[in-house]
Amino acid sequence: MKKIGLIVRVIAFGILALITTTTDASAKWTAKADVSTFYKGRWGAQVFSVGGKIYVSGGYADNDINMNDIVSYDPATDIWGYHNPLPGTVTNRTGGVAFTIDGKAYLGLGVENFNNFTSPWTFPTDLWQYNDANDTWTKKADFPGTGVGFAACFVVNNKAYVIGGQAGKFSSDGTNKVYEYDPATDKWTEKTTFPRAIVISPFAFTLNGKGYIVGGADGSGNTKKTYEYDPTANTWTEKKAFPEAETNGGVAFVANGKAYCGLGRVGTNKYLQYFWAYNPTTDSWSYADGFEFSADSRMYGVAATLDGKAYIGAGWQYDGSAQHYYRDWYQVDPSVATSVNNIESNTGIIIYPNPASSTIHVSAADEYNNYSISNITGQVELQGTLTNDKSINVSSLAAGQYIISLTSEDREKHTMITVR
């Protein structure tokens, strides 16, 4: 037993030495000024970037309160400013679409009176163009189909695509219709329908001239499937599935030639606190080292990129007993997201999230059956058999660094984890 303890200590010191020499360039989510609102938070808001600022509009703020405001974030000053809300007859908006093309922002659709028990839900079909130079809105062509909320949206080749969404109070009221908006002609055109019957609140992004839809609700639950849209051929192609279980309500942004998808809810009450990166060249997903979200996980938040930085904020979470509404705002620099917080080194093992406070997951090139977690003196604190989802509950461990050992019949590997 003493010999085993000595071996573990030697392993620990070796791994610690690796950490000491390779963790200089670690990306961190940095807290910025909270999103301006008179309420405790908002979710299902609309977001776009234009003119060197990020704009957040509307969203649901609890107790039958939906918003119609628009505020902007200036990264240079870390200050939020107020702007003219959308004109027209729609008094509030949640779960709409927003995008930017050729220096102009567009916002529309969504749900009016979302989650309201005294006023009927309505689904506007309006679309507005925003001119940030003079803070004015211009009415554009109405959406041709039935109005939808929580639809997906991406921009490819200076055209916007609206995919799916829900047209009623239930996810089963969703659709798979796809429409293209061309701002040059101010016209909508129906395109090939999405391959699944319904898609609501998925990850959506654009890479290399193609649009992508990942996960989302499909009327009977959530999915993990990934689809690529080719606007030239007007076709959808299924790609590598999202590595997590079925997820919806997360956020996505593009940086360094990859798309980063994270947060959101898996199943009924699990919320992701990390990101996966999609590489379209290899059609592969990899765990996004250094992007572990430092605040509460959530769904229905907003994300945007500006001047090489990514921003995330707002959103909602239900922890099983209470609802939480968020107005916080965070920034990360993807160019330095080369952290070894999730050490793979030469072991072929990735542990995520790392640091962790509750549950970790194991991703390994080889198959392992059992695990043990020891402190740096070699004392085993936890051990057991890996479950099908390769998750380990570490909530009983005190804060600190530990060595995790994975074993099978013919191999054994070790790496370091941090519990906080």
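The values are calculated or read from the model by the stated rules, or taken from the named source; none is laboratory data. Owing to the predicted nature of the structure, the values given are computational and were not obtained by experimental measurement. So basically every Cβ, Gly included, is an ideal-geometry build from the backbone, and we count neighbours across all protein chains shown.
Odds and ends about this structure:
- Within the option set Ser220, Ser201, being among the polar types (S, T, N, Q), out of contact with any Cys (no Cβ under 9 Å at 6 or more places or on another chain) and surrounded by 19 or more Cβ atoms within 10 Å (Cβ to Cβ) holds for one residue only, Ser201.
- Subset of region 312-322 (residues that are closer than 15 Å to Thr30 by Cα and either surrounded by fewer than 20 Cβ atoms within 10 Å (Cβ to Cβ) or of a type in the set (A, V, I, L, M) (or both)): Ile312, Ala314
- Among the residues of region 20-59, the ones that are among the basic types (Lys, Arg) and at pLDDT 95 or above come to 3 in all.
- For region 190-248, filtering for residues that are assigned to a strand (DSSP E or B) and of a type outside the set (Asp, Glu) leaves 23.
Let's see how each residue does on (1) part of a loop (DSSP other than H, G, I, E, B); (2) within 16 Å of Val148 (Cβ to Cβ); (3) touching a Pro at 6+ places or on another chain (Cβ under 7 Å); (4) not assigned by TED's automatic domain parsing to the domain that holds Asp173:
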site	(1), (2), (3), (4)
Ile54	no, no, no, no
Asp64	yes, no, no, no
Asn68	no, no, yes, no
Ser72	no, no, no, no
Ala76	yes, no, no, no
Thr89	yes, no, no, no
Leu107	no, yes, no, no
Phe114	yes, yes, no, no
Thr118	yes, no, no, no
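- Filter result for the condition that a residue is farther than 26 Å from Arg42 by Cα, among the β-branched types (Val, Ile, Thr) and in contact (Cβ under 8 Å) with a residue 40 or more places away in the chain, over Thr185, Thr235, Thr193: Thr235
- Tyr55 vs. criteria touching a His at 6+ places or on another chain (Cβ under 9 Å), touching a residue at least 40 places away in the same chain (Cβ under 8 Å) and surrounded by 23 or more Cβ atoms within 10 Å (Cβ to Cβ): yes
- Of the residues in region 163-173, at least one is surrounded by fewer than 17 Cβ atoms within 10 Å (Cβ to Cβ), of a type in the set (Ser, Thr, Tyr), at pLDDT below 95 and not in a loop (DSSP other than H, G, I, E, B).
- Of all residues in region 407-420 being charged (D, E, K, R) and assigned to a strand (DSSP E or B), the one that is surrounded by the fewest Cβ atoms within 10 Å (Cβ to Cβ): Glu412
- Any chance Tyr181 is under 24 Å from Tyr278 (Cβ atoms) and not hydrophobic (A, V, I, L, M, F, W, C): no
- Sole exception among (1) farther than 19 Å from Thr305 by Cα; (2) surrounded by 14 or more Cβ atoms within 10 Å (Cβ to Cβ) for Ala98, by number: (1)
- Gly145 passes every criterion in (1) touching a Leu at 6+ places or on another chain (Cβ under 7 Å); (2) surrounded by 15 or more Cβ atoms within 10 Å (Cβ to Cβ) apart from (1).
- Residue tally, condition more than 23 Å from Gly103 (Cα to Cα) and modelled with pLDDT of 95 or more, over region 294-316: 8
Here is a yes/no grid of residues against (1) part of a loop (DSSP other than H, G, I, E, B); (2) surrounded by fewer than 17 Cβ atoms within 10 Å (Cβ to Cβ); (3) over 12 Å from the mean Cα position of the chain (by Cα):
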site: Cys261; (1), (2), (3): no, no, no
site: Thr268; (1), (2), (3): yes, yes, yes
site: Gln273; (1), (2), (3): yes, no, no
site: Gly290; (1), (2), (3): yes, no, yes
site: Ser294; (1), (2), (3): yes, yes, yes
site: Ala310; (1), (2), (3): no, no, no
site: Arg327; (1), (2), (3): no, no, yes
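- Only residues that are surrounded by 15 or more Cβ atoms within 10 Å (Cβ to Cβ), among the small types (Gly, Ala, Ser) and assigned to a strand (DSSP E or B) were counted in region 361-406, giving 5.
- Flag for Lys239 being modelled with pLDDT of 95 or more and among the charged types (D, E, K, R): yes
- Flag for Val111 being under 15 Å from Phe48 (Cβ atoms), touching a strand residue (DSSP E or B) at 6+ places or on another chain (Cβ under 7 Å) and buried (at least 19 other Cβ atoms within 10 Å of the Cβ): no
- Selection of region 216-258 for residues being touching a Ser or Thr at 6+ places or on another chain (Cβ under 7 Å), over 18 Å from Ile163 (Cα atoms) and among the small types (Gly, Ala, Ser) yields Ala241, Ala255.
- Taken together, the residues in region 127-162 that are part of a loop (DSSP other than H, G, I, E, B), within 25 Å of Tyr212 (Cβ to Cβ) and modelled with pLDDT of 95 or more amount to 8.
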